[in-house]
Amino acid sequence: WELRRERDGISMYTREVQGSRYREVKAVMELDHSMEKVYALLEDIPGQQRWMADMVEVRLLEDDPVNPVQYSRIRAPRPVQDRDVVIITRVERQAGRIIRHFESATHRDAPSPSNVVRIDSTRGSWQLDSLAPARTRVTYINHAEPGGSLPAWLVNRQIMDQPFESMRGMREELRIKN
């Protein structure tokens with residue numbers, strides 16, 4: 001991983017992915033909240049629209065306790081078309097750690113609107129590590145093939161913006177709920 005930015009208590013990293021023109025991104029921060037409280041925020045699928053950057057729409061397609069499926073529509077700057085994605089989630093719990101893995105999927109209840117480009121390939125995770133009863137390290141990792149005809153240099157230049165703003169949004173949402 002190559003450290004690209006440190007600001008507001010958030011460290012941003014990227015790295016190359018073999019076989020892809022697009023880089024993978026990692027964001028890391030620590031929060032003064034319990035791991036369970038942070039995880040509850042992630043589990044609130046409709047609520048993600050309040051704190052995740054550029055999220056136009058988020059909805060739960062399958063409320064499966066083991067592998068929930070969600071639809072998300074992400075606003076893109078003009079003239080780029082918005083993107084959407086269906087993801088399936090798998091939760092892994094260990095002592096002092098929760099990892100919420102996600103990857104792209106298809107779903108009968110989520111056809112892509114005609115004015116939106118579907119992200120067919122994405123994979124990542126939210127990892128929560130309990131550092132103390134009221135202290136959690138949050139690590140977000142994601143690699144996506146954004147679809148359409150976006151130049152790799154443009155995507156790679158902007159790849160840290162949404163995760164960075166989402167981490168800031170998560171921190172603020174937890175502050176408001178506290």
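The values are calculated or read from the model by the stated rules, or taken from the named source; none is laboratory data. Source: prediction; values computed, not measured. Neighbour counts are summed over all protein chains in view; Cβ atoms, including those assigned to glycine, are modelled from backbone coordinates with ideal geometry. Keep in mind that these areas ignore ligands, DNA and RNA; they rest on the heavy atoms of the full protein, side chains included. Shrake-Rupley method; radii C 1.70, N 1.55, O 1.52, S 1.80 Å.
Points worth noting:
- Enumeration of residues in the stretch 1-57 that are in contact with an Asp or Glu (Cβ under 8 Å, 6 or more places away or on another chain), under 20 Å from Glu165 (Cβ atoms) and of a type in the set (S, T, N, Q): Thr14, Gln49
- Sole residue being closer than 21 Å to Lys177 by Cα, touching a residue at least 60 places away in the same chain (Cβ under 8 Å) and of a type in the set (D, E, K, R), chosen from Asp129, Asp44: Asp129
- Lone qualifier among Val66, Val25, Val58 - being of a type outside the set (Asp, Glu), open to solvent by 40 Å² or more (accessible area, probe 1.4 Å) and either free of Cβ contacts under 8 Å to residues at least 60 places away in the same chain or under 22 Å from Arg90 (Cβ atoms) (or both): Val66
- Residues that are farther than 15 Å from Glu103 by Cα and β-branched (Val, Ile, Thr), drawn from the stretch 46-79: Val56, Val58, Ile74
- Residue match in the stretch 74-92 (condition: open to solvent by 30 Å² or more (accessible area, probe 1.4 Å) and under 18 Å from Arg137 (Cβ atoms)): yes
- Each residue in the stretch 119-140 was checked for being out of contact with any Pro (no Cβ under 8 Å at 6 or more places or on another chain) and open to solvent by less than 50 Å² (accessible area, probe 1.4 Å), and 11 pass.
- Verdict on Ala144 being touching a Phe, Trp or Tyr at 6+ places or on another chain (Cβ under 8 Å), surrounded by fewer than 18 Cβ atoms within 10 Å (Cβ to Cβ), under 17 Å from Tyr22 (Cα atoms) and of a type in the set (Gly, Ala, Ser): no
- Pro46 open to solvent by 50 Å² or more (accessible area, probe 1.4 Å), farther than 30 Å from Trp153 by Cβ and in a loop (DSSP other than H, G, I, E, B): yes
- Counting only strands (runs of 3 or more DSSP E) that sit wholly inside the stretch 52-98, those with at least 1 residues that are over 27 Å from Glu36 (Cβ atoms) and within 13 Å of the chain's Cα centre (by Cα) are 69-74, 83-94.
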